[in-house]
Amino acid sequence: QVQLVESGGGLVQAGGSLRLSCAASGRSLSNYAVGWFRQAPGKEREFVARINWSGGFRDYVDAVKGRFTISRDNFKNTVTLQMNSLKPEDTAVYYCASTNEYERLKTIDGVPYWGKGTLVTVSS
């Protein structure tokens, strides 16, 4: 079992930055791909970014490319999502998720490990 805990959410003005962290316990994350998803009020949970076990492969949804950066530190068992140039439409609960199959992290289907989420609110 992998337990995931997100932190770093909060209220920020448009154009600002936030840094989300996903900390794992119970098992090392070094063998797992990790992704970030988000869910805005009234909308379905959507893919934001993913990173493979080594950090050598990363992928982003088009809406955040050039603004968000996903990275990982396997020694610290953490994955980070640096979010810059935030927009009001980035407002959502952000979830960390993990699976041992990188390709599965584009959708929520079949992803076994999830955190409880952290709220990001971007004011205009």
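The values are calculated or read from the model by the stated rules, or taken from the named source; none is laboratory data. All values reported here derive from a predicted model rather than from experimental measurement. All Cβ positions, glycine included, derive from the backbone under ideal geometry; neighbour counts span all protein chains shown. Just the protein is used for accessible areas: all its heavy atoms, side chains included, with ligands, DNA and RNA removed. Shrake-Rupley method; radii C 1.70, N 1.55, O 1.52, S 1.80 Å.
The residue that is nearest to residue 27 (Cα to Cα), among those in region 47-75 that are among the acidic types (Asp, Glu) and free of Cβ contacts under 8 Å to residues at least 40 places away in the same chain, is 73. Against the test of being hydrophobic (A, V, I, L, M, F, W, C), surrounded by 18 or more Cβ atoms within 10 Å (Cβ to Cβ) and touching a helix residue (DSSP H, G or I) at 6+ places or on another chain (Cβ under 8 Å), the options 49, 92 yield a single qualifying residue, 49.
With respect to the conditions (1) more than 17 Å from residue 7 (Cβ to Cβ); (2) touching a residue at least 12 places away in the same chain (Cβ under 8 Å), residue 109 falls short on a single one, namely (2). Just to be sure, is residue 49 of a type outside the set (D, E, K, R), under 22 Å from residue 109 (Cα atoms) and over 12 Å from the mean Cα position of the chain (by Cα)? Criteria not met by residue 49. Close contacts from region 1-18, counting a first residue that is surrounded by 14 or more Cβ atoms within 10 Å (Cβ to Cβ) and a second that is among the aromatic types (Phe, Trp, Tyr), with Cβ to Cβ under 7 Å and a gap of 6+ residues or different chains, come to 2/32; 2/113; 4/113; 4/114; 6/94; 6/95; 9/94.
Only one of the listed residues (55, 35, 110) is of a type outside the set (A, V, I, L, M), surrounded by 14 or more Cβ atoms within 10 Å (Cβ to Cβ) and in a loop (DSSP other than H, G, I, E, B). That residue is 55. Scanning region 74-89 for residues that are under 11 Å from residue 22 (Cα atoms) and surrounded by 13 or more Cβ atoms within 10 Å (Cβ to Cβ) yields 77, 78, 79, 80, 81.
When every residue of region 68-82 is checked against the conditions, none turns out to be in a helix (DSSP H, G or I) and either under 14 Å from the mean Cα position of the chain (by Cα) or under 19 Å from residue 7 (Cβ atoms) (or both). Within region 75-96, can one find any residue that is touching a Phe, Trp or Tyr at 6+ places or on another chain (Cβ under 8 Å), farther than 26 Å from residue 11 by Cβ and modelled with pLDDT of 95 or more? The answer is no; no qualifying residue exists. Every listed requirement among (1) free of Cβ contacts under 8 Å to residues at least 60 places away in the same chain; (2) open to solvent by 80 Å² or more (accessible area, probe 1.4 Å) is met by residue 101 save one, (1). Among the residues of region 24-33, is any charged (D, E, K, R), at pLDDT 95 or above and farther than 14 Å from residue 71 by Cβ? Scanning region 24-33 turns up no residue that is charged (D, E, K, R), at pLDDT 95 or above and farther than 14 Å from residue 71 by Cβ.
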